[in-house]
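Asks: First, the structure itself, so that you have it in front of you.
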Amino acid sequence: MNTAALNRLNMSQQGASGMKLAATGLLFFMMVVFFAARAFEPRYPWLAYVKAFAEAAMVGGLADWFAVTALFRHPLGLPIPHTAIIPRNKDRIGQALANFLKENFLIAPVVARRMRNIDLAGATGRFLRAPEGEGGRIRAGASRLIGDVFEGLDDERLGGIVKSAVSTRLRQMEVSPLLGHALSSAIDENRHVPMLEAAIRWMARALDANEPLIREMVHKKANWVLKLAALDTKLADAIIDGLRKLTLEMSTDPDHPVRIKVQEALVQLAQDLQSKPETRAKVEEWKNDLLANKSVSVWLDALWQKGRAGIIEATRNPDAALAGKLGEVLRTMGTTLESDPRIRKAINQFARRAVAGMAASYGGSIVKLVSETIRGWDARTITARLESAVGRDLQYIRINGTLVGGLVGLVLHVLDTF
């Protein structure tokens, strides 16, 4: 148990001990009142009412003392049947508590139903958008906590876990349909045009940079007749000029036949990536070969180190990070989450399914953890923790029992008198 938990437990126990002393003191006070009233009743008959009150209060106080004590231990150390209920039944209590958690919180339909009315995306959007006020203080505290976690955890082990999780997730995920859908969406929205024009410009630069290589290749392939007539040079000039003209025309004419052919090929590729088994299998093979390459592991390690360093730096100075590009991105994301109902609905639905899936997958493990943890506690530990948690209220029950018993005794005495 950590220091904070121990401090809370000690404070709770001190509060319960104080109330226990008050309840016991009230019971002894009623005893003193009873014997005093009994002694002076012959001289002062009206003390009969006080005696009746004190007598019933003693009975009520003793009964509630016995009931409260029997929950946690044997009253006066006597092994009376059906006492020390909690220590004797801690395993059954732990199992009942675990079953309660599972049936009311850790079943997928229950989790989904409880989260149906929770606007997680909207709350996240408000949190990201508001740079000042309570949200800012919460964000600063969360930033420090995240920074401490990333600095305190074993870098090598944590990095290995992250890389392994990313690699495993990529291996399990079929990327071909995603690539096909992304390419198809880009073509539908003409977002492929800048990429195509960038490719054409790259071709033009590559042609200029490799002109000597092209001339050398033509010279080597030409026969001695062409070389004798110096036609190999003219052929190389013609090839280079033709390629330059082609790249120039493709860059200036959106309806150039080659550009149209390239676009048609991209459309066909997008369809094949989504629906053609051979293409999908080939892409998966390339993906697995790429992930098996050691260079990818080195790249993931470098990416993790940069990301970890960036996160720690940002969390150590969240105001500076939020004042720059990161802050603009976060505020934009927050505004979008708040204003776009489709995105908000999609994120809430994803969160609901994710949490429900976690409950379905790990609910049994959580229940088992709770049950085994309580089963592993000794009787003193569970008794101390439960008594510290509800001890004050139980002592109030004793006080109320003493006073209510006294009032009932007084009412009965009055009725008997009349």
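The values are calculated or read from the model by the stated rules, or taken from the named source; none is laboratory data. Small disclaimer: the values here were computed from a predicted structure and weren't measured. Here the Cβ positions follow ideal geometry from the backbone for every residue, glycine too, while neighbour counts run over all protein chains shown. The protein model used for the area step is the full one, side chains on, heavy atoms only, and it has no ligands, DNA or RNA in it. Shrake-Rupley method; radii C 1.70, N 1.55, O 1.52, S 1.80 Å.
Asks: Considering only the stretch 68-119, give the helices (runs of 4 or more DSSP H) lying wholly within it that have at least 1 residues that are open to solvent by 30 Å² or more (accessible area, probe 1.4 Å), more than 20 Å from Y362 (Cα to Cα) and out of contact with any Leu (no Cβ under 8 Å at 6 or more places or on another chain).
Replies: Numbers: elements: 85-88, 90-105, 108-115.
Correct list: 85-88, 90-105.
Asks: Inside the stretch 250-264, can you point out the residues that are open to solvent by 60 Å² or more (accessible area, probe 1.4 Å) and part of a helix (DSSP H, G or I)?
Replies: Once the filter is applied, which keeps residues that are open to solvent by 60 Å² or more (accessible area, probe 1.4 Å) and part of a helix (DSSP H, G or I), the stretch 250-264 yields T252, P257, I260, K261, Q263, E264.
Asks: While we're looking at this one, here's another question. Does the stretch 54-63 contain any residue that is modelled with pLDDT of 90 or more and more than 30 Å from V390 (Cα to Cα)?
Replies: No; the residues of the stretch 54-63 include none that is modelled with pLDDT of 90 or more and more than 30 Å from V390 (Cα to Cα).
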